[in-house]
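The values are calculated or read from the model by the stated rules, or taken from the named source; none is laboratory data. Because the structure is predicted, anything quoted here is derived from the model rather than measured. Positions of Cβ are backbone-derived with ideal geometry, glycine not excepted, and every protein chain shown enters the neighbour counts.
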Amino acid sequence: MNRIIRHKQLIQLIVARAMELLREPGVLFWGIVFPILMSLGLGVAFSKKADTTRVVAVITHIPDNLQIPETFSKLDSFLQSNHAVILPVKDGIISCKLTIRDNKLGNTTFIFEKIDWKLATVLLKRGNLNLILEEKNGKFEYHFDPLNPDAQLNYLRLSNLFNNPAIIDWESDESIKPLTVSGTRYIDFLVPGLIAMGVMMSIMWGVSYEIIDSRSKKLLRRMVATPMKKSHFLVALITVRLFMNFVESGLLFLVANLVFGLTIQGSIPALLTVFVAGNIAFAGIAILMSSHTAKTEIGNGLINLVSMPMMVLSGIFFSYHNFPDWSIPYIQKFPLTMLADGARSVIIEGAGFAEIAFPSLIMTVTGIIFFLVGLKIFKWH
């Protein structure tokens, strides 16, 4: 009875926890279906399209004694001379479209909508457009957010278009070579990040919150009278979540492979190593966080305190190199950053054991230390 590991007890606990987990339909949806739907939605939204359509608001001024927009001679003559297509009037908006042809970079179609400032501002706030064009004294004025890269691109293309109408039938310079290297798409960047985030959220809520909720409901108090070791109870929770994360991540990657053609460029054993190390790191953090409190409100706060900053800073949906340079060394030390960077290095960069050995070791040691500390101060009630 004093053995460190009681195999039968541990196996029975793992089986019991697994059966309890599988009986929860919400777990299957949020753990498997939701990440897949998120990857499909974001993957489709940010996939590179051969042709793009940009909406530009053209401000019209209506004098007090007139009911029709003022004629924009410069813009109208430009559009007419370049055979712009007048679109059917919709919701009282006069619009036309002009296409810039490019056989390498893809065609760009600009839709010019003649509207007033009030409606243009509303559409700008809704994200329907990002650039407003106004003609004054025969010159064009461009209104846009200078921090919006898409708006900057629209401005550069339009200003170049008005100054050089010949680019309507522009052939890209022969020196331009469209990039076709594997792993450069947004979906290639996104899926490893979603896998890492899924590991963190699954363990933080599936282990940490589960313990706190059971303690608040007095369920853990009943286990004190049993010969069950608390280490076995905690290991069983972690083991079930580890297998669950394997299934969730595997299905997510499978869908990304079938729909978007995502493949693993590096070593699969290296990917499994960094994946397990990330699970261990977050398991240790989860055990330490849930070792004492019995209030679910505090548990919610602790979980969000740990997970939310990492989810924003660790480069799941966009590169953390967008943050100030002084913060990057600190961001790179987050467990979620290490896991996401490690997974990306293997999946899209072709990395092997040499590249992921150190971060995997750091995550494993961190998880073990946190687990031992949490086990030491763990209380049943």
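Scanning the range 212-243 for residues that are without any contact (Cβ under 8 Å) to a residue 40 or more places away in the chain and among the hydrophobic types (A, V, I, L, M, F, W, C) yields LEU219, ALA225.
Take the residues in the range 75-119 that are part of a strand (DSSP E or B), of a type in the set (D, E, K, R) and in contact (Cβ under 8 Å) with a residue 12 or more places away in the chain, then tell me which one is surrounded by the fewest Cβ atoms within 10 Å (Cβ to Cβ). Ranking the qualifying residues of the range 75-119, first place goes to LYS97. Do we find that VAL373 is touching a Leu at 6+ places or on another chain (Cβ under 6 Å), buried (at least 20 other Cβ atoms within 10 Å of the Cβ) and at pLDDT below 95 in this structure? No: the conditions fail for VAL373. I'd like the full set of residues that are assigned to a strand (DSSP E or B), in contact with a helix residue (DSSP H, G or I) (Cβ under 9 Å, 6 or more places away or on another chain) and charged (D, E, K, R), limited to the range 120-153. Once the filter is applied, which keeps residues that are assigned to a strand (DSSP E or B), in contact with a helix residue (DSSP H, G or I) (Cβ under 9 Å, 6 or more places away or on another chain) and charged (D, E, K, R), the range 120-153 yields GLU134, GLU135, LYS139.
When the range 310-337 is examined, which residues are found to be assigned to a helix (DSSP H, G or I) and under 12 Å from MET200 (Cα atoms)? Correct list: MET310, MET311, PRO335, LEU336, THR337. Which ones in the range 210-241 are of a type in the set (Lys, Arg) and either crowded, with 20+ Cβ neighbours inside 10 Å or part of a helix (DSSP H, G or I) (or both)? Listed by number, the residues that qualify are ARG215, ARG221, ARG222, LYS230, ARG241. Counting the residues of the range 286-296 that are modelled with pLDDT of 85 or more and either under 27 Å from the mean Cα position of the chain (by Cα) or part of a helix (DSSP H, G or I) (or both) gives 4.
The number of residues in the range 338-356 being in a helix (DSSP H, G or I) and touching a helix residue (DSSP H, G or I) at 6+ places or on another chain (Cβ under 8 Å) comes to 13.
Residues in the range 97-141 that are aromatic (Phe, Trp, Tyr), within 21 Å of SER81 (Cβ to Cβ) and at pLDDT 85 or above: PHE110, PHE112.
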